[in-house]
Amino acid sequence: MDIDLNNDQRIIDSWQANATPWTQAVRAHQIESRRLVTDQAIIDAILSHAPGTAIDIGCGEGWLARALGRAGVRVLGLDAVPALIEQATEAGGGEFRVTSYQEIAAGAIPLRADLLVCNFSLLGRESVDGLLRAVPGLLTARGALVIQTLHPLMACGHLPYRDGWREGSWQGFDSAFSDPAPWYFRTLESWVALLLAHGLKLLEMREPLHPDSARPASVIFIAAPA
């Protein structure tokens, strides 16, 4: 099997297996970087564009859709992992559908929204390429795409600073988590090139800082069709 297809399936399988402990960790605010920095950072980035509608791609258990709903944004949440969509639907706060990135790329969502958000949800290679190709067709005339992901300079660790698959880890989480998913590492240069390759222009890049270390906790790209 092709390594990208195999790893994409491993990602889905891992999140399916870990949906319950992940939901508990998110809802109990157990993840320090999210609690202190990145949750509010993505909300601020989205609301700076004052969207009336949004599509949360890779919505997980739905926390962001609920937060945006409280701010008056009508949200459709999409995720390839049935167990996470089940958790999101039970909690409410938006409309949620089981939809893979391949299905989105193939036109399964005949809607347009003011904003698309991918919050720590772009983990693959070819699946992400296909998804980003579909972005212009999912946005309204003045719509924007907001991506938050691990900051490459922080996430690279001691490995070479070049694109490639990395093995995942649940370091820092409790023993309820198992089978961490692989993920595709991209440099900052590669992220920008990826957006440009799919007809998107970079409007803004934000680097939210952790209040204790003063180092980037993530990177946020805000883009729109060129």
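The values are calculated or read from the model by the stated rules, or taken from the named source; none is laboratory data. From a predicted model like this one, the values you see are computed outputs, not experimental measurements. Every residue, glycine among them, receives a Cβ derived from its backbone with ideal geometry; neighbour counts consider all protein chains shown. Note: areas computed on protein heavy atoms with side chains; ligands, DNA, RNA excluded. Shrake-Rupley method; radii C 1.70, N 1.55, O 1.52, S 1.80 Å.
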>> Suppose each label sits 7 Å from its Cα in the direction of the beta carbon; what would the Lys201-Arg70 distance come out to in nanometres?
In response: 3.6
> How big is the convex hull of the Cα atoms of segment 162-204, per residue, in Å³?
Replying inline: 119
> Assuming R0 = 30 Å, what is the FRET efficiency of Glu95 and Ser213, from their Cβ-Cβ distance, to the nearest 0.05?
Replying inline: 0.20
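Quick check for me: using +1 on Lys/Arg Cβ and -1 on Asp/Glu Cβ, what's the dipole size of segment 114-226 about its Cα centre, in debye to the nearest 20? All intermediate terms of the calculation are to be shown ahead of the outcome.
Numbers: 9 positive and 11 negative charges, 67 e Å.
Once rounded to the nearest 20, the dipole reads 320 debye.
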>> Is there a quick way to get the dipole size of the chain? I mean about its Cα centre, with the Cβ of Lys and Arg at +1 and of Asp and Glu at -1; what is the value in debye to the nearest 20?
In response: 600
> Reported to two decimal places, what Rg/Rh ratio describes segment 1-65 when computed on Cα atoms with Rh from the Kirkwood expression?
Replying inline: 1.06
> Mind checking the dipole of segment 103-152: about its Cα centre, +1 per Lys or Arg Cβ, -1 per Asp or Glu Cβ, Debye to the nearest 20?
Replying inline: 120
>> For the full complex of protein chains and a 1.4 angstrom probe, list Thr149, Thr89 by accessible area with the highest value first.
In response: Thr89, Thr149
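Please state the relative contact order of segment 41-171 as a whole percent: Cα pairs under 8 Å, 6+ residues apart?
Values: 204 pairs, mean separation 30.5, N = 131.
About 23 percent, as a whole number.
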> When all protein chains stay in place, what accessible area (Å², nearest 10, 1.4 Å probe) is found for Glu95?
Replying inline: 90
>> Checking a compactness column here: for segment 100-226, what do you get for Rg(Cα) / (2.2 N^0.38 Å), N being the number of residues?
In response: 1.12
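For the chain, what is the mean residue ellipticity at 222 nm derived from helices alone (per DSSP H run of n ≥ 4: -39500 (n - 2.57); sum divided by total residues; nearest 500 deg cm²/dmol)? If you can, show how the numbers build up before the last one.
Working: 9 runs with 79 residues, N = 226.
Value at 222 nm, helices only: -10000 deg cm²/dmol.
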> Which residues does a label at Tyr161 reach in segment 185-209, if reach means a backbone N under 20 Å from a point 7 Å past the Cα toward the Cβ?
Replying inline: 185-195, 205-209
> Can you give the accessible area of Arg10 in Å² (nearest 10), computed on protein heavy atoms with a 1.4 Å probe?
Replying inline: 80
> Using a 1.4 Å probe, what is the accessible area per residue for the chain, in Å²?
Replying inline: 47
>> Along the charge dipole of segment 1-136, pointing to its positive end and built from +1/-1 on Cβ of Lys, Arg, Asp and Glu, which listed residue (Ser100, Ile43, Asn6) has its Cα farthest out?
In response: Ile43
> How many times 2.2 N^0.38 Å is the alpha carbon radius of gyration of the chain?
Replying inline: 0.95
>> What is the sum of charges, Lys and Arg at +1 and Asp and Glu at -1, for the other residues whose Cβ falls under 13 Å from the Cβ of Trp183?
In response: 0
> Residues with beta-carbon under 10 Å from that of Asp2, excluding Asp2: net charge, scoring Lys, Arg +1 and Asp, Glu -1?
Replying inline: -3
> Which is farthest toward the positive dipole end of the chain among Pro152, Gly164, Ala226, measuring Cα position about the Cα centre, with Cβ charges +1 (Lys, Arg) and -1 (Asp, Glu)?
Replying inline: Ala226
